[in-house]
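Reading through the structure tokens given below for one structure.
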Amino acid sequence: MQTTLVVTTFNRPSALRLALLSIARQETLPFEVIVADDGSSPETGEMVTAMAADFPVPLRYSWQENAGFRLSLSRNRAIAKTSGDYIVMMDGDLILHPRFIRDHQRVGRKNTLVQGIRIRLEERETERILENGLIHPDSFSPYYRWHYNAWRLPWVWGIPGRPWIARDHFKGTKGCNMGFFRKDCLAVNGFDENFQTYGGEDNDFTRRLIAYGIRRKFLRFGAIAWHLWHPSQATPPLSRREKYLLSLQTADPDSPPEKIYRAENGIDKHLSPELLTPASPGTTPQDHL
């Protein structure tokens, strides 16, 4: 399995640097890393370029002009540049456990969207980590080392039911730690770029994958990530269009399935023509490797 890590960021190079360092020290390295930047100032691109010179895997930078919140567009443009068959999405203010990639690869299966979690760090701990350049969890305060979300217990993954919980809805979606096969993403036409306010785009993406026939599984005790503190961002009201997109829960029996699971304004415009062949629901996911 060739795993591509897509790292989203916006104007927080100090946090992004630690996130990239935590990627570079993975016991199982990803095939490639692509930073999806939604319009940061030049400092971020300069930092990524400098780190790419001796990064252990190809590190690429996908930047777009700052024209408001356009996370879906940023993600689609980055995913269109990927070469791996399995994609893991993460935010650029996460510090990863050294076995984060290994865990995602172990649980990534056909017909599955893997939903990971993260540990929220408080402001004081975040300042200490950023000031000292800490990326190893053993350097964090005891509370965050022994937080229940920091327990890595891979032996429990084979137990039926919890902590492997199959979900048939999009509630609790967190795009900051999410794994899926690239073919599935292309089949639903990626993220819907009509979402241009904070919140909603992750739920919509998950909803459409489920409508396409993908099972959502919630991963606990693995793929651990620590989330650096930042001021809470109020979620603005969704537009009428965004509310409509999220309201599509079941297909109209008289409508083609593609109307339900494919984004109308998605990744297809960023892809080369040979990748635009329509796929049949439930048939595209690759076997677990």
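The values are calculated or read from the model by the stated rules, or taken from the named source; none is laboratory data. A quick note: this is a predicted structure, and the numbers were derived from the prediction, not measured. We place every Cβ from the backbone using ideal geometry, glycine too, and count neighbours over all the protein chains shown.
Here are a few things to note about the model shown:
- Close Cβ contacts (under 7 Å, 6 or more residues apart or on different chains) running from residues in the range 209-230 that are in contact (Cβ under 8 Å) with a residue 40 or more places away in the chain to residues that are surrounded by 19 or more Cβ atoms within 10 Å (Cβ to Cβ) and among the basic types (Lys, Arg) comprise Ile210/Arg216; Ala225/Arg118; Trp226/Arg118; His227/Arg118.
- Of the residues making up the range 110-137, those that are in contact with a Lys or Arg (Cβ under 7 Å, 6 or more places away or on another chain) and without any contact (Cβ under 8 Å) to a residue 12 or more places away in the chain number 0.
- Condition met for Glu27 (within 23 Å of Ala150 (Cα to Cα), of a type in the set (Asp, Glu) and surrounded by fewer than 18 Cβ atoms within 10 Å (Cβ to Cβ)): yes
- If you filter the range 205-220 down to residues that are in contact with a strand residue (DSSP E or B) (Cβ under 8 Å, 6 or more places away or on another chain) and under 12 Å from Thr173 (Cβ atoms), you find that the one that is surrounded by the fewest Cβ atoms within 10 Å (Cβ to Cβ) is Phe218.
- All conditions but one from (1) within 30 Å of Ala211 (Cα to Cα); (2) assigned to a helix (DSSP H, G or I) apply to Ile129; the one that does not is (1).
- Condition check for Pro160: modelled with pLDDT under 95, more than 22 Å from Gln26 (Cβ to Cβ) and surrounded by fewer than 18 Cβ atoms within 10 Å (Cβ to Cβ): yes
- Arg75 crowded, with 16+ Cβ neighbours inside 10 Å, closer than 27 Å to Gln196 by Cα, among the basic types (Lys, Arg) and touching a residue at least 40 places away in the same chain (Cβ under 8 Å): yes
- Taking first residues from the range 57-68 that are within 30 Å of Glu27 (Cα to Cα) and partners that are acidic (Asp, Glu) and assigned to a strand (DSSP E or B), the Cβ contacts under 6 Å between residues at least 6 apart in sequence or on separate chains come to Val57/Glu32; Pro58/Glu32; Trp63/Asp37.
- Positions within the range 21-51 being in a helix (DSSP H, G or I) and in contact (Cβ under 8 Å) with a residue 60 or more places away in the chain, in sequence order: Leu21, Ser22, Ile23
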